[in-house]
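Before any comments, here is the structure.
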Amino acid sequence: MGMLCRSVDLMQEGRRRGYAVPAYDTFNYESTKMVFDAAEKAGTPVIVMYYNDGYIPIDTFAVMVKNLGARSSVPFSVHLDHSPDFETCMKAIRCGFTSVMLDASKLPFDENVRETRRVVEAAHAMGVDVEGELGIVGREEKVDRARFTQPEEARRFAEESGVDSLAVAIGNSHGVYIEEPRLETGLLARIAAEAGLPLVLHGTSMIPPDQLKEAVRRGITKTNIATEYLMYYRDQIAQALARDKPPKVVTALLDAAYEPVTDFIAEKMRLLNPDGLSIL
Ligand SMILES: [Zn+2]
């Protein structure tokens, strides 16, 4: 039976053994089920994330993920992605999330530390771990090196905020990349050495496999993924609709997409285990 875990425990074991834990934003029953089934196929723990856009109520999401996770055979955690504020983090914790991310990365350094610290103190009192972000990860725009995470600041941020994991900006970007992704893995290694924390890569969709494997070797222990599999999912449904005899009912459309999308997700997950370890 799948065991509900703390995200930081999953990440620390990954760091120690040399793999990263896949983290997927899911939004309904089917996407969540596919992510768990893909994790079983790839033989990896998985972090299932709530993207705070209100598509599905957060309490419904928590119940669904925990129920599907318990039916799976993989260790898993339930994580709040990109919380804008303290209150949303507390709401997620009340719903049973095992980790939360506060994204205060757009604030000046000291305010980012202060806001993150506030969430850390409350969350730790309830056994929940916290991801912070330092540097700015853009969305579908040109990568700006001036906004990359700086190693020395990462060390101070880790010490002063008390976070358990840190999202970094090293050439990654949310959504669809508008230029060829080029991660600065040298910078990443320096951040990892200074911060001494599990590091998180947002915008992992469309990173070339070689760069992704190198990023894992240099300190990335959680990879946030959404765009890529959601576009593939859309394409599979479009193909099912375009067939000579498209299915009559919507569930048959979802069923047609199920296996190819699950395989697509599992293939990506395997890249995060660059040495092909037997993890579970
Ligand atoms: Zn993100």
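In the chain, the longest principal axis of the Cα atoms and the axis of helix 151-161 are about 90 degrees apart.
Placing unit charges on each Cβ (+1 for Lys and Arg, -1 for Asp and Glu) gives the chain a dipole about its Cα centre, and among C5, S161, N172 the Cα reaching farthest toward its positive end belongs to C5. Using a/c under 1.5 as the rounded threshold, could you call the chain rounded, prolate or oblate? The axes a ≥ b ≥ c are square roots of the C-alpha gyration tensor eigenvalues, and prolate needs a/b larger than b/c, oblate otherwise. Prolate shape, in that a/c is at least 1.5 and a/b is the bigger ratio. Between helix 109-125 and the chain there is an angle of about 70 degrees, using the helix long axis and the longest principal axis of the Cα atoms. Between the residues S77, I93, A104, the greatest Cα displacement towards the positive end of the dipole of region 7-271, with unit charges on the Cβ of Lys, Arg, Asp and Glu, is found for S77.
Would you work out the charge dipole size for region 140-280 about its Cα centre, treating the Cβ of every Lys and Arg as +1 and the Cβ of every Asp and Glu as -1, and quote it to the nearest 20 debye? Can you show the working numbers first?
On the way: 17 positive and 22 negative charges, 35 e Å.
Once rounded to the nearest 20, the dipole reads 160 debye.
Dipole magnitude for region 91-167: computed about the Cα centre from +1 point charges on Lys and Arg Cβ and -1 point charges on Asp and Glu Cβ, it is near 180 debye. Let me make sure I get this right: for region 156-280, a, b and c are the square roots of the gyration tensor eigenvalues over alpha carbons, sorted descending. Under 1.5 in a/c it's rounded, otherwise prolate if a/b > b/c, else oblate. Which is it? Taking the square roots of the gyration eigenvalues as a ≥ b ≥ c, region 156-280 is prolate.
At most 16 other C-beta atoms within 10 Å and a DSSP loop state: those are the exposed GluC sites (Glu not before Pro) I care about. Give me the longest piece of the chain that has none. The answer is 1-139. Just list whichever of K41/K213; K41/K66; K245/K268 have alpha carbons separated by over 21 Å in the model shown. Where the Cα-Cα span goes over 21 Å, the pairs concerned are K245/K268.
Counting alpha carbon pairs within less than 8 Å and at least 6 residues apart, what relative contact order, in whole percent, applies to region 86-191? Relative contact order comes out at 26 percent. Dividing the mean sequence gap of close Cα pairs (under 8 Å, 6+ apart) by how many residues the chain holds gives a relative contact order of 21 percent. Can you tell me which of A70, A242, A193 moves the most in a GNM of the chain? Springs connect C-alpha atoms under 10 Å apart. Among A70, A242, A193, the largest mean-square fluctuation in the Gaussian network model of the chain belongs to A242.
Using only Cα atoms, tell me the angle between helix 7-17 and the longest principal axis of the chain; keep it within 0 to 90° and round to the nearest 10. Value to nearest ten degrees: 80.
Remark: the K41-E179 segment gains 46.5 nm on full extension, using 0.36 nm per residue and subtracting the alpha carbon distance.
Sum -39500 (n - 2.57) across every DSSP H segment of at least 4 residues in the chain, then divide by the residue count to get the 222 nm mean residue ellipticity, nearest 500.
Numbers: 10 runs with 134 residues, N = 280.
Theoretical 222 nm ellipticity from helices: -15500 deg cm²/dmol.
Place +1 on the Cβ of every Lys and Arg and -1 on the Cβ of every Asp and Glu in region 143-243, take the dipole about the Cα centre, and give the residue among L199, Q211, L188 whose Cα lies farthest towards its positive end. The one lying farthest along the dipole's positive direction is Q211. Take the Cα of A146, go 7 Å toward its beta carbon, and the backbone nitrogen atoms of region 101-115 under 17 Å from that spot belong to 106-109. Computed about the Cα centre, the dipole magnitude for the chain is approximately 500 debye when only Lys and Arg (+1) and Asp and Glu (-1) carry charge, each at its Cβ.
No lab work stands behind these numbers, since they all come straight from the coordinates. In this text, all values refer to a predicted model and were calculated from it rather than measured experimentally. Positions of Cβ are generated from backbone atoms using ideal geometry, with glycine treated the same way; all protein chains shown enter the neighbour counts.
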